[in-house]
Amino acid sequence: MRESQKEIVRSLSLFSSMMEENLDAILVGSFLQRFPASVVLFSESDPADFLYILINGQVELFANANNREGTMTLIRPIATFVLASALVGDAYQMSARTLESSQILMIPAENIRAAMRKDKNFAQKSVLELAACYHGVVRAYKSIKLRTAVERLANYLLVQHRRQGEKGVITLPVEKRILASMLGMRPENLSRAFATLKPYGVAVEGTDVRFQKLNDLQTLAKPLESIDGP
């Protein structure tokens with residue numbers, strides 16, 4: 001692994017406090033690879049052989065049951081994913097596929113478990129990262145349980161508006177079918193939800209969404225820091 005790639009790993013909070021020799025050991029057998037869009041990286045129930053780090057691109061984590069498929073979450077760079085599965089050493093609980101051309105670092109799960117045993121800084125950071133993931137799951141679950149489909153969409157749009165610079169317009173980062181699944185609705189329900197938001201100044205033009213009555217949308221959405229972040 002080149003030194004520049006090693007520094008990318010070091011920049012992540014999970015690895016930032018590791019002793020140098022332990023960081024070198026954890027990267028033994030790792031490899032950096034670029035995947036085209038629509039590649040399934042692993043499927044749920046596959047053995048959890050690697051911890052994945054998304055360097056650039058975008059990855060969808062999804063699950064299947066009873067001939068249905070649902071988007072669980074989207075991964076944006078730079079971020080690790082499936083840390084829990086790598087630590088447990090059992091099977092992946094979700095499947096993963098690239099949504100666009102993506103560069104991904106794969107670290108052998110056995111290296112992760114070895115580092116947990118001998119590097120207390122890494123062990124502490126792992127616990128903190130798992131706690132943050134748990135909080136993310138709780139927030140998503142609260143949104144699904146406590147909000148209507150229209151409210152979930154409205155709050156999602158407001159979060160994207162904040163992330164994209166609050167310029168009065170955003171570009172949806174994923175296809176609408178994936179967005180619908182992530183928000184817990186069918187594609188046709190997403191279309192109806194967008195239609196419901198029209199009187200609140202939401203205008204959809206392809207993948208662009210414009211906000212003409214932002215205060216009205218916020219009044220409808222009633223965003224909460226405990227769910228949507230600060």
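Computed from the coordinates by the stated procedures, all read-outs in this text should not be read as laboratory data. These figures come from a predicted structure and were not determined experimentally. Reconstructed Cβ throughout: ideal geometry from the backbone, glycine too, with neighbour counts over all protein chains shown.
Structure values in brief
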quantity: Gain upon complete extension [Thr171, Thr219; 0.36 nm per residue less C-alpha separation]; calculated: 15.1 nm
quantity: For the chain, with +1 on Lys and Arg beta carbons and -1 on Asp and Glu, the positive-most of Ile112, Phe15, Ala63 along the dipole; calculated: Ala63
quantity: Under the Karplus curve 6.51 cos²θ - 1.76 cosθ + 1.60, θ = phi - 60°, whole-Hz ³J(HN,Hα) for region 35-52, x wherever Gly or Pro sits; calculated: 10, x, 5, 6, 8, 7, 6, 6, 10, 4, 5, 5, x, 7, 8, 9, 9, 9
quantity: Exposure proxy ranking, count of Cβ atoms within 10 Å, fewest first, for Thr207, Thr196; calculated: Thr207, Thr196
quantity: Debye, to nearest 20: dipole size of region 177-230, +1 on Lys, Arg Cβ, -1 on Asp, Glu Cβ; calculated: 180
quantity: Neighbour-count order for Phe42, Phe122, Phe31, fewest beta carbons within 10 angstrom listed first; calculated: Phe31, Phe42, Phe122
quantity: Most positive-pole-ward Cα, Ile53, Ile75, Val137, against dipole of region 3-144 from beta carbon charges; calculated: Val137
quantity: Whole-Hz couplings from phi, Karplus 6.51/-1.76/1.60, listed for region 69-82; x for Gly and Pro; calculated: 10, x, 6, 8, 6, 10, 10, 10, x, 8, 7, 8, 8, 6
quantity: Spacing of the two label points (7 Å from each Cα toward its C-beta) at Arg139 and Glu21, in nm; calculated: 3.9
quantity: Cα gyration tensor shape of region 147-228, rounded if a/c is under 1.5, else prolate or oblate by comparing a/b with b/c; calculated: rounded
quantity: Residues whose placed amide H lies under 5 Å from that of Asp90, excluding near-sequence neighbours; calculated: Ala48
quantity: For Rg and Dmax of the Cα atoms in Å, calculated from these coordinates, the label among (1) 16.5, 50; (2) 19.3, 59; (3) 18.6, 56; calculated: (2)
quantity: Cα-based Lys proximity count in the chain, under 16 Å, for pairs eight or more positions apart or on separate chains; calculated: 5
quantity: In Hz, Karplus ³J(HN,Hα) per residue of region 89-99 (6.51, -1.76, 1.60; θ = phi - 60°; x = Gly, Pro); calculated: x, 9, 10, 5, 8, 9, 9, 9, 9, 6, 9
quantity: Net dipole in debye of region 65-138 [+1 Lys, Arg Cβ; -1 Asp, Glu Cβ; about Cα centre; nearest 20]; calculated: 180
quantity: Selection of trypsin sites (Lys or Arg not before Pro), region 136-199, meeting DSSP coil and at most 14 other Cβ within 10 Å; calculated: Lys167
quantity: For Ser102, residues with placed amide H under 5 Å, excluding near neighbours; calculated: Phe35
quantity: Gln212 long-range amide H proximity, modeled H, under 5 Å; calculated: Val202, Ala203
quantity: Between region 112-146 and region 1-51, the alpha-carbon center distance in angstrom; calculated: 17
quantity: Most mobile listed residue (Glu129, Glu44, Glu69) in the chain, GNM with C-alpha springs under 10 Å; calculated: Glu69
